[in-house]
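Below is one structure, written out as structure tokens, with a few remarks after it.
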Amino acid sequence: MSISTIATDIEHQVAADTRKTTQYLMPQRLNAEELDFGAYNIYPTCLLKSGVINHGYDTLAAWIAQHKAVVIDGYVGVFWDNIKAELQQHFEQKGLKVSWIDTADYLKDPARIDELIEPFMGTYESVWGRRCTLALADFYNIESLEKQVPDQQTDITIVLGPGAVLAGWNAPLLYIDLPKNELQFRMRAGSITNLGSDKVAEPFYMYKRFYFVDWVLLNQHKKEILQDVAVMIDGQWPDNINWITGDALRQGLQQLSHSPLRVRPWFEPGAWGGQWIKSHINGVNPDAVNYAWSFELIVPENGLVFESDGWLLEVSFDTLMFTHSGDVLGKHAEVYGDEFPIRFDFLDTVKGGNLSIQCHPSLLYIQEQFGENITQDETYYILDCEPNAQVYLGFQDSINPQQFKDALENSQAENQPIDIENYVQAHTATKHDLFLIPNQTIHSAGAGNLVLEISATPYIFTFKMYDWVRLDLEGNPRPINIDHAFKNLDFQRKGERVKQEFISMQTIISQNDGATVVHVPTHEQHFYDVHRLEFDKQMEVDCEGKCHVLMVVEGDAVTVTTVAGVQQNFAYAETFVIPAACGSYTLVSTNQKPVKVIKAFLK
């Protein structure tokens, strides 16, 4: 039985109205014998010792039954009513009388919460808001919640829901986490609401509120209470759970912080999406119309999966950063704190379309307008491409900003195409090219590319100027942001300067014993740099106190062994992270054939 068969069987058990997506729900348990460790794995795991991941509501109910009172906190989007009903059923089977206190009953009125978050949401139609500076407690009638105490007349009292810790009980803390992809699938199905809302809004508005408000408050809340968690629960399966004790979780996080690791990737179709991912990555749903993105390492929305006896449990990536940022980032932890700064993702336009013509905000603009700490600097590494594929980058030398703006606005108003190459340069793309896209640079990936974006972590601040007069997969126009773009575009990035400054000029740094280090330099504005490691047998690499992000970009696979002896295999196109705490590591070509490995690191 293949991964996709397991996932399909699970999918059939999930009510259609709970999640809207073509993507499979991660199985609760994997059989290692069914995995092909020589190929891209969509469910990478960190292996823990036997017996530490527990399965089912019955086992959790038995753990809770040992206590007179417990606190069950967790994330927005969890099916809290299901959790309560399932646990209650098992308590009744045990003959236990349970008193429940739901934090949702102590939220402020939705209209009052709307007033509180209004400064962070922009207009309803706007794509972006501003990072919220409130605290989770601001959403609650705290005095009323704090007055709730355990009921001495029952066997167990449980306070349940986001912010449960705010009740102030001295009781064991359980936390229910939810992967961001599953949260969004539930959002699109209309099966959840935003925190403190009593209605389902349009998905674009709900996502904006999640990103700029709910996630900000709940992530900070999680950071503050994580060290006190006695039980961590994975809430992504609608009708069941896996869970782990807090002590075992913390041991697992310690293990991860000193080991090569992969996040669980997830995949999304899009208006311009292609077919490369479908034809090269086993386990994705082949019935999807296309795949535009693979979230390889977009850490605000990726999780880390632990495995014990085949049972899986996922926690958000920030769980690791909140506890081990120094081990992960090394000398750069003082600068970035618990914000992981590098992003890897795929843009698949093979047999697809062009991305929109776009740019990203300057550092000052993203800080002042959206409240972010770093801005969306990018590069395009061409992992694969079709003949005659192109990347749009930089202006023509003859660019006239007002004429360009007039053409864009007329195109939008009249729904008419324009010849974009009258204004923007198109460059031939070949495998292993690196196109440099510091903020304020006009750009787009043309059709026929499998782009590895090696970028700064921000990922939603894209100002689209021209989208080829097309609709999204739902049949709606995609937002165009000409005004934002023209407040950021650098019109001096034009003519011959583009080829000289914005296409990486690769040079060999060192060459010995069949191992070559190629410098693939980024722009001076980028805070990260790129090397390509080329070898046919093995290569030694020193972290030098830095975190490394790597991918096999040519060849089959590598085996990574740290100086402490931790060993893992990584296949072609898999993104993996070497925490700074690993110290040094050896890369070995698993079949002793030539391989090329991209390594990104902070300058």
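Scan region 187-205 for residues that are surrounded by fewer than 22 Cβ atoms within 10 Å (Cβ to Cβ) and in a helix (DSSP H, G or I) and report the count.
Going through region 187-205 one residue at a time, the tally reaches 5.
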(message) Tell me yes or no: at least one residue of region 180-201 is at positive phi and touching a strand residue (DSSP E or B) at 6+ places or on another chain (Cβ under 8 Å).
(response) yes
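Quick check on region 379-410: of everything there that is in a loop (DSSP other than H, G, I, E, B) and over 30 Å from Tyr572 (Cα atoms), which residue is least open to solvent (accessible area, probe 1.4 Å)?
Initially, region 379-410 is screened for residues in a loop (DSSP other than H, G, I, E, B), giving 386-389, 396-400.
Subsequent filtering for residues that are over 30 Å from Tyr572 (Cα atoms) retains 396-400.
Details: Gln396: 53, Asp397: 104, Ser398: 94, Ile399: 21, Asn400: 61 Å².
Of everything passing the filter in region 379-410, Ile399 is least open to solvent (accessible area, probe 1.4 Å).
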(message) One residue is enough: does region 492-500 have a residue meeting the conditions part of a strand (DSSP E or B), under 23 Å from Asp406 (Cβ atoms) and not β-branched (Val, Ile, Thr)?
(response) yes
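I'd like the full set of residues that are not hydrophobic (A, V, I, L, M, F, W, C) and not in a loop (DSSP other than H, G, I, E, B), limited to region 165-186. Give the derivation first.
Within region 165-186, the first condition is being not hydrophobic (A, V, I, L, M, F, W, C), and the residues that meet it are 168, 170, 172, 175, 177, 179-182, 184, 186.
The answer is Tyr175, Asp177, Lys180, Asn181, Glu182, Gln184, Arg186.
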(message) Restricting to region 88-100, name every residue that is in contact (Cβ under 8 Å) with a residue 60 or more places away in the chain and part of a helix (DSSP H, G or I).
(response) Phe91
(message) Tally up the residues in region 430-471 that are hydrophobic (A, V, I, L, M, F, W, C), assigned to a loop (DSSP other than H, G, I, E, B) and surrounded by fewer than 24 Cβ atoms within 10 Å (Cβ to Cβ), please.
(response) 5
(request) Tally the residues that are within 25 Å of the chain's Cα centre (by Cα) and either outside any loop (DSSP other than H, G, I, E, B) or on the phi < 0 side of the Ramachandran plot (or both), restricting the search to region 534-555. (result) 10
(request) For region 244-259, state whether one or more residues are within 30 Å of Pro477 (Cα to Cα), in contact with a Pro (Cβ under 9 Å, 6 or more places away or on another chain) and of a type outside the set (Lys, Arg). (result) no
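Considering each of Phe346, Phe340 in turn, give the residue that is aromatic (Phe, Trp, Tyr), in a loop (DSSP other than H, G, I, E, B), modelled with pLDDT of 95 or more and crowded, with 23+ Cβ neighbours inside 10 Å. Break it down stepwise before answering.
Values: Phe346 fails: in a loop (DSSP other than H, G, I, E, B).
Of the residues listed, the single one that is aromatic (Phe, Trp, Tyr), in a loop (DSSP other than H, G, I, E, B), modelled with pLDDT of 95 or more and crowded, with 23+ Cβ neighbours inside 10 Å is Phe340.
I'm trying to understand the selection: among the residues of region 527-545, which are touching a Lys or Arg at 6+ places or on another chain (Cβ under 9 Å) and under 18 Å from Ala557 (Cβ atoms)? Break it down stepwise before answering.
Restricting attention to region 527-545, the residues satisfying the condition of being touching a Lys or Arg at 6+ places or on another chain (Cβ under 9 Å) are 527-536, 541, 544-545.
Within region 527-545, Arg532, Leu533, Glu534, Phe535, Asp536, Val541 qualify.
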(message) Please go through region 489-524 and give me each residue that is under 27 Å from Ser362 (Cβ atoms), among the polar types (S, T, N, Q) and surrounded by 15 or more Cβ atoms within 10 Å (Cβ to Cβ), ordered by number.
(response) Ser504, Thr522
(request) Report yes if some residue within region 370-378 is over 30 Å from Leu134 (Cβ atoms) and surrounded by 21 or more Cβ atoms within 10 Å (Cβ to Cβ); otherwise report no. (result) yes
(request) Write out, first by first residue and then by second, each pair whose Cβ atoms fall under 7 Å of each other, whose residues are 6+ apart or on separate chains, and whose first residue, in region 343-360, is on the phi > 0 side of the Ramachandran plot while the second is at pLDDT 95 or above. (result) Lys351/Gly274; Lys351/Gln275
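Among the residues of region 149-158, is any closer than 19 Å to Leu195 by Cβ and either surrounded by 15 or more Cβ atoms within 10 Å (Cβ to Cβ) or not β-branched (Val, Ile, Thr) (or both)?
Taking region 149-158 first, the residues closer than 19 Å to Leu195 by Cβ are none.
The answer is no, given that none of the residues of region 149-158 is closer than 19 Å to Leu195 by Cβ and either surrounded by 15 or more Cβ atoms within 10 Å (Cβ to Cβ) or not β-branched (Val, Ile, Thr) (or both).
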(message) Just to be sure before I move on: is Ser279 outside any loop (DSSP other than H, G, I, E, B) and free of Cβ contacts under 8 Å to residues at least 12 places away in the same chain in the structure I sent?
(response) yes
(request) Report, by residue number, each residue of region 524-549 that is touching a Pro at 6+ places or on another chain (Cβ under 8 Å), of a type outside the set (A, V, I, L, M) and within 15 Å of Ile342 (Cα to Cα). (result) Gln525, His526, Phe527, Tyr528, Asp529, Cys547
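Step by step: first the residues of region 282-320, then only those that are in contact with a helix residue (DSSP H, G or I) (Cβ under 8 Å, 6 or more places away or on another chain) and among the polar types (S, T, N, Q), then the one that is most open to solvent (accessible area, probe 1.4 Å). Which residue is that? Give the derivation first.
Pass one, region 282-320, residues in contact with a helix residue (DSSP H, G or I) (Cβ under 8 Å, 6 or more places away or on another chain): 282-286, 288, 290-291, 294-295, 299-304, 306, 310, 315-320.
Checking the rest, the ones that are also among the polar types (S, T, N, Q) come to 282, 285, 290, 294, 302, 316, 319.
Details: Asn282: 90, Asn285: 17, Asn290: 12, Ser294: 0, Asn302: 7, Ser316: 13, Thr319: 0 Å².
By that ranking, first place goes to Asn282.
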(request) Take region 554-579 and flag every residue that is more than 20 Å from Asn302 (Cβ to Cβ), out of contact with any helix residue (DSSP H, G or I) (no Cβ under 6 Å at 6 or more places or on another chain), touching a residue at least 60 places away in the same chain (Cβ under 8 Å) and open to solvent by less than 20 Å² (accessible area, probe 1.4 Å). (result) Ala557
(request) Return yes or no: is Gln220 over 23 Å from the mean Cα position of the chain (by Cα) and open to solvent by 50 Å² or more (accessible area, probe 1.4 Å)? (result) no
(message) When you check Asp114 against the structure, is it modelled with pLDDT of 95 or more, open to solvent by 40 Å² or more (accessible area, probe 1.4 Å), more than 23 Å from Pro300 (Cα to Cα) and in contact with a Lys or Arg (Cβ under 6 Å, 6 or more places away or on another chain), yes or no?
(response) no
(request) Give the number of residues within region 269-290 that are touching an Asp or Glu at 6+ places or on another chain (Cβ under 7 Å) and among the hydroxyl-bearing types (Ser, Thr, Tyr). (result) 0
(message) What's the number of the only condition in (1) hydrophobic (A, V, I, L, M, F, W, C); (2) open to solvent by 10 Å² or more (accessible area, probe 1.4 Å); (3) within 23 Å of Glu501 (Cα to Cα) that Ile418 fails to meet?
(response) (3)
(request) For region 117-145, name all the residues that are outside any helix (DSSP H, G or I), of a type in the set (S, T, N, Q) and modelled with pLDDT of 95 or more. (result) Thr133, Asn141
(request) Filter region 357-369 down to residues that are among the aliphatic types (A, V, I, L, M) and over 21 Å from the mean Cα position of the chain (by Cα) and give me whichever is surrounded by the fewest Cβ atoms within 10 Å (Cβ to Cβ). (result) Leu364
(request) Please find, within region 539-549, the residue that is nearest to Ile454 (Cα to Cα) out of those that are touching a Leu at 6+ places or on another chain (Cβ under 8 Å) and open to solvent by less than 30 Å² (accessible area, probe 1.4 Å). (result) Val549
(message) Can you report the number of residues in region 66-85 which are open to solvent by less than 50 Å² (accessible area, probe 1.4 Å) and part of a helix (DSSP H, G or I)?
(response) 2
(message) Just to be sure before I move on: is Asn354 touching a Gly at 6+ places or on another chain (Cβ under 7 Å), of a type in the set (S, T, N, Q), open to solvent by 10 Å² or more (accessible area, probe 1.4 Å) and not in a strand (DSSP E or B) in the structure I sent?
(response) yes
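The values are calculated or read from the model by the stated rules, or taken from the named source; none is laboratory data. Since the model is a prediction, treat every value here as computed from it, not as a measurement. Quick reminder, even Gly has a Cβ in these numbers, built from the backbone with ideal geometry, and neighbours come from all protein chains shown. Side chains included, ligands, DNA and RNA excluded: accessible areas come from the protein's heavy atoms. Shrake-Rupley method; radii C 1.70, N 1.55, O 1.52, S 1.80 Å.
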